[in-house]
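The values are calculated or read from the model by the stated rules, or taken from the named source; none is laboratory data. As the structure is a prediction and not an experimental result, all values here were calculated from the model. Because the Cβ atoms are built from the backbone with ideal geometry, glycine has one as well, and the counts that use them run over all protein chains shown.
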Amino acid sequence: MANARSGRLQLLFLSFSAQLTMDMIAMAAPLLALSLSASPFEIGLLATSRGIAYAIFPFLMGRLSDRVDRKPMLASSMSIYATVAILFNLSKNPIELIALRFFEGLAMSIFWPTIEPLFVKGGRSKVSESLRWFNLSWGLGQIVGPFIGGILITAFGIRSPFQSASLLAIANLALIIGALPAGAPSGDLGRARPDEGALPPSSLIFINVTLGAILSIFFAFFPALGIRAGFSALEVGSLLLLFGIARLAAFHRAPSMKMGLGPRLGLASLGLILISTGDRAAMCLGAITTSAAVSLIYAYSIERMLSAMEDRLGSMAGAFEGSLGVGFMIGPLLAGLFAGGSLSNAFLAASILSAAAIPALRFGKGPEGRAARPCSPNA
């Protein structure tokens, strides 16, 4: 029992520290590109390069993790991250940064579809409880990463987050090699099948693409809309911190929530409409509402996908992450086309996407009300 607890804590630390590493790099890469005289188009390509990799490779890596030992795959992802961070530190032009972001996306594509099944396989509690701690661990890393990155840049310069990220990735690699047990994946998890009438994976993938699009639109356009609405840069940063804290609270409450998927999508649509008003008070409320809603959608979807096929956990995790990646790619593009010259219209577009997904649930197996029941794989 002590070994199982120790292994779970190691996985939680890996999830936290990997997300922290990713967000330090994500924050520092555009700033480094600016210092190297990158054009706006080249800065946009930084996100696109990683997004292309993350829209393609998770599907492949998830399937691979069902067939081979997951320990070497985790080790390879951290090896790539350490190498990429070192090369970022040595980069001398924006083209090198764009190429490195693609390989960063590859490392992400290996890591998440590989580690997520280990939480389900290794957790003695039901799937929702195991995934709650997983979501809290990476969610905390997502809050802390940019904060630490900002401190490092202020104190030690623009390249210091990459140096720290390389050291952290090397420490993660040592933990994986020295502490995580090896072993071939097993589909015999001792879990019952999910509820009859639950949404099929194809419907959940559609919801994940919508979720990825909403998240990418929020992070791409919210800072600019906040400044235009009269917030200071510090206030925008504080709102994003509040967004992260609200995500953690929603992840903590998600396993006990009785709310169906349709109402969660409706709540996200409402929050995005509030943001689109450009009113300071409404934007604050909208950011919190949107954060809670997207986190509840995320928790719902990942639990159902990893409960859908017991012998293909890696494939389902890869489909989950890859479909989010597709949404990350297309979201800002669609919002940009819809917005025209108005930043507010970008959030109206996101609201429409969220609301439009609700009737699409009817095309899944059974009525949405049945699909929305909490899944209890151990029941």
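Answer yes or no: is there a residue in the stretch 107-115 that is in a helix (DSSP H, G or I), over 18 Å from Ser323 (Cβ atoms) and of a type in the set (A, V, I, L, M, F, W, C).
Within the stretch 107-115, the first condition is being in a helix (DSSP H, G or I), and the residues that meet it are 107-115.
Still in the running and over 18 Å from Ser323 (Cβ atoms): 107.
After this cut, where a residue has to be of a type in the set (A, V, I, L, M, F, W, C) as well, the list is 107.
Yes, the stretch 107-115 contains at least one residue that is in a helix (DSSP H, G or I), over 18 Å from Ser323 (Cβ atoms) and of a type in the set (A, V, I, L, M, F, W, C).
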(request) Run Leu74 past the list (1) within 19 Å of Leu11 (Cβ to Cβ); (2) surrounded by fewer than 23 Cβ atoms within 10 Å (Cβ to Cβ) and report the number of the one that doesn't hold. (result) (2)
(request) From the list Ala356, Ala319, pick out the single residue that is more than 24 Å from Leu140 (Cβ to Cβ), touching a Pro at 6+ places or on another chain (Cβ under 8 Å) and modelled with pLDDT of 90 or more. (result) Ala319
(request) Could you please find all residues in the stretch 209-239 being without any contact (Cβ under 8 Å) to a residue 40 or more places away in the chain and either within 16 Å of Leu272 (Cβ to Cβ) or in a helix (DSSP H, G or I) (or both)? (result) Phe219, Pro223, Ile227, Ala233, Leu234, Glu235, Val236, Gly237, Ser238
(request) For the stretch 54-68, state whether one or more residues are closer than 24 Å to Gly149 by Cα and free of Cβ contacts under 8 Å to residues at least 60 places away in the same chain. (result) no
(message) Can you report the number of residues in the stretch 27-53 which are free of Cβ contacts under 8 Å to residues at least 12 places away in the same chain and either closer than 18 Å to Thr154 by Cβ or β-branched (Val, Ile, Thr) (or both)?
(response) 1
(message) Suppose the filter is within 27 Å of Gly331 (Cα to Cα) and of a type in the set (Lys, Arg); does Arg101 pass it?
(response) yes
(message) Consider the stretch 160-183. How many of its residues are surrounded by fewer than 17 Cβ atoms within 10 Å (Cβ to Cβ) and not in a helix (DSSP H, G or I)?
(response) 3
(request) Answer yes or no: is there a residue in the stretch 88-95 that is without any contact (Cβ under 8 Å) to a residue 60 or more places away in the chain, more than 30 Å from Arg253 (Cα to Cα) and of a type in the set (Ser, Thr, Tyr). (result) yes
